[in-house]
Amino acid sequence: NAEYMGSAEYRQAYITSKVEEFVAEVDRLGDIASIDPHCAYSNLALGLSCRWRFLARVVPNAALHFDDLEGAVLRCLCKIADRPSIPDNERQLLSLPIRNGGLGIPLPSDLTNQFANSCRVCEPLEGATAETMSDVREDQNHITNLIKAESFVASKTKTTECHGRLSESQQNLRELVSEKGASAWLNSKPVTLHKTHLSKEEFRDALCLRYGWQPKSLPSRCVCGERFSPSHVLSCPTGGYPSI
């Protein structure tokens, strides 16, 4: 219940202070991204974003005040991908789960129901005693399964809507990277010892291939005389890096 978390003014001040803290941390990650974009992305997707989710889950309406945070995330994503800007349709794409072709960096609008879902799961605890805890756990498991099912449907709907706003080539790429195992490299933590840490060029080139962006510093022509492009270089029988 929101009344146990202090007055509305106190909650607003707390949310503001936390958002300012998150923005400062994301901006520092942006500085790191210019040197090591793989580590910056991993920390953003697997670390900091979990803290935003937690705040949205325990404080009512917290996600409604994440606009400044979203601005910082956009700046950081631009530095990670080494792009001047990211259009709205591509930002929607990047907010999708990794398994659906995104980067798993949520939009503020994706987190607005976190507090309500948390209340639903905790509701069976009201009035519970030691003797009824087994029934409470069963009720909580049932509610959790319902929330997961609702989240799956919502994610599928969002993915379909986002897919429809992409170009035909981007749609084909999204379907390819949504295949089982195709995005496992994004879920891997960058550990040099395990050889899962990509260099700056490797990581950014991999993002370009994933989303159909043009890598930088490409020659204009292939050795065979054709126009040089990522799709051509992967299939040119004369040179490049044939994949077929």
Q: Determine the share of region 38-91's accessible area contributed by carbon and sulfur atoms, expressed in whole percent, with a 1.4 angstrom probe.
A: 53 percent
Q: Just need log10 I(q)/I(0) for region 128-244 at q = 0.17 Å⁻¹, Debye formula, equal scatterers on the alpha-carbon atoms, no solvent, rounded to two decimals.
A: -1.04
Q | Options [x] 26, 24, 17; [y] 40, 21, 16; [z] 53, 18, 15 - which one matches semi-axes √(5λ) of the Cα gyration tensor in Å as calculated here | A | [y]
Q | Contour minus Cα-Cα distance for Ser134 and Ala116 (0.36 nm per residue) | A | 4.1 nm
Q.
Quick query: amide H of Thr112 versus all other amide H atoms, modeled in the peptide plane; which residues come in under 5 Å with a sequence gap of 5 or more or a different chain?
A. none
Q: Roll a 1.4 Å probe over the protein chains and send me the accessible area per residue for the chain in Å².
A: 59 Å²
Q: Mind giving me the nanometre distance, one decimal, between the label points for Ile35 and Thr196, set 7 Å out from Cα along Cα→Cβ?
A: 2.3 nm
Q | Separation of the Asp88 and Tyr14 label points, Cα + 7 Å toward Cβ, nm | A | 3.3 nm
Q) For region 126-244, which whole percent of the accessible surface, found with a 1.4 angstrom probe, sits on carbon and sulfur atoms? A) 55 percent
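List the trypsin sites (Lys or Arg not before Pro) in region 164-241 that DSSP assigns to loop (not H, G, I, E or B) and whose Cβ has at most 14 other Cβ atoms within 10 Å. Which are they? Let's see the in-between values first.
Details: sites: Arg165, Arg174, Lys180, Lys195, Lys200, Arg204, Arg210, Lys216, Arg221, Arg227; in loops: Arg165, Lys180, Lys195, Lys216.
Answer by residue number: Arg165, Lys180, Lys195, Lys216.
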Q: State which entries of Lys158/Lys189; Lys148/Lys216; Lys158/Lys195 exceed 31 angstrom in Cα-Cα distance in the structure shown.
A: Lys148/Lys216; Lys158/Lys195
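The values are calculated or read from the model by the stated rules, or taken from the named source; none is laboratory data. Since the model is a prediction, treat every value here as computed from it, not as a measurement. With ideal geometry, Cβ positions are generated from the backbone for all residues, glycine too; neighbour counts draw on all protein chains shown. The accessibility values were calculated without ligands, DNA or RNA, using every heavy atom of the protein model including side chains. Shrake-Rupley method; radii C 1.70, N 1.55, O 1.52, S 1.80 Å.
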